[in-house]
1. Within segment 102-175, list the chymotrypsin sites (Phe, Trp or Tyr not before Pro) lying in a DSSP loop whose Cβ has at most 16 other Cβ atoms in a 10 Å radius.
2. Please compute the modelled spin-label separation between residue 21 and residue 199, points set 7 Å along Cα→Cβ, answer in nm with one decimal.
3. Please compute the contact order of segment 130-207 in relative form: average sequence separation of alpha-carbon pairs under 8 Å and at least six residues apart, divided by the residue count, as a percent.
4. Taking a label point 7 Å from the Cα of residue 52 along the Cα→Cβ vector, which residues of segment 134-173 have an amide N closer than 12 Å to it?
5. In whole percent, and with a 1.4 Å probe on the protein chains, what portion of the accessible area of the chain is carbon and sulfur?
6. Contact order normalised by length for the chain, with contacts defined as Cα pairs under 8 Å and 6 or more residues apart; what percent is it?
7. With a probe of 1.4 Å, find how much accessible area the chain has per residue, and write the answer as a whole number in Å².
8. Please give, to one decimal in nm, the separation of the simple spin-label points placed at residue 115 and residue 151, each 7 Å out from Cα toward the Cβ.
Amino acid sequence: MDDDHLLASWPLTTGEEVRDQLAAAYGSPDRDYHDTRHLTEVLARLEELAGRGAVFDRLAVVLAAWFHDGVYDGERDAEERSAAWAEDALTALVDPAVDEAVVAEVVRLVRLTETHRPEDDDANGCALSDADLAILAAPRGRYDEYVTAVRREFAHLDEETFRGGRAQVLRSLAEKEHLFHTAWAREHWEGPARANLARELDELSRATASARV
């Protein structure tokens, strides 16, 4: 998805200034994984899910996708600050499609991306969570690019600290009963994602063991 197609994916006929601010944030040179490519991949996965039978509020979910990593600096409250940006920006828009209920839903969905643990009956949350985590099921080459990019985003951490934190995140994901919640993602993405997680955890374990020798 090139820049023109990305901008065209904005689901409103208003708010171009907000859209452009978000696009600039994702395009910041300070970002390595949570960048424009990530946003375009999340949007593409949402389209894939919609085309494969997932039913969700596309306005709210696509807006939440745009905002979900609007703020990203490696700090723990990035999702909350992204949600606050969404609330402020969308509330200020004069657009009949964006009422208080839509704003509240977008804010809720952005916050949900901190845990990726939607309830089974939360169609919007399931779709956004699955699209955001779809990178876990990527082919090995793309998955390895993702891992390398995440490491660059945490370049301020030494190897031991990073490996410990990364392993904790991966184990937390692996302990979920299901990584994915929509039918299509569970059928087609769950297996590859589990394999990628297991491989990376094994590599982290071996690297940690080697460092202690």
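The values are calculated or read from the model by the stated rules, or taken from the named source; none is laboratory data. All figures in this text were calculated on a predicted structure; none of them were measured in a lab. Positions of Cβ are backbone-derived with ideal geometry, glycine not excepted, and every protein chain shown enters the neighbour counts. Please note that ligands, DNA and RNA were not included when accessible areas were found on the heavy atoms of the full protein model with its side chains. Shrake-Rupley method; radii C 1.70, N 1.55, O 1.52, S 1.80 Å.
1. In loop regions of segment 102-175 (DSSP not H, G, I, E or B), the sparsely surrounded chymotrypsin sites (Phe, Trp or Tyr not before Pro) are 154.
2. Rounded to a tenth, the inter-label distance reads 4.1 nm.
3. Across segment 130-207, relative contact order equals 47 percent.
4. The answer is 134-135, 137-138.
5. 51 percent
6. 21 percent
7. On the way: 10940 Å² over 213 residues.
Using a 1.4 Å probe on heavy atoms only, each residue of the chain averages 51 Å².
8. 3.2 nm
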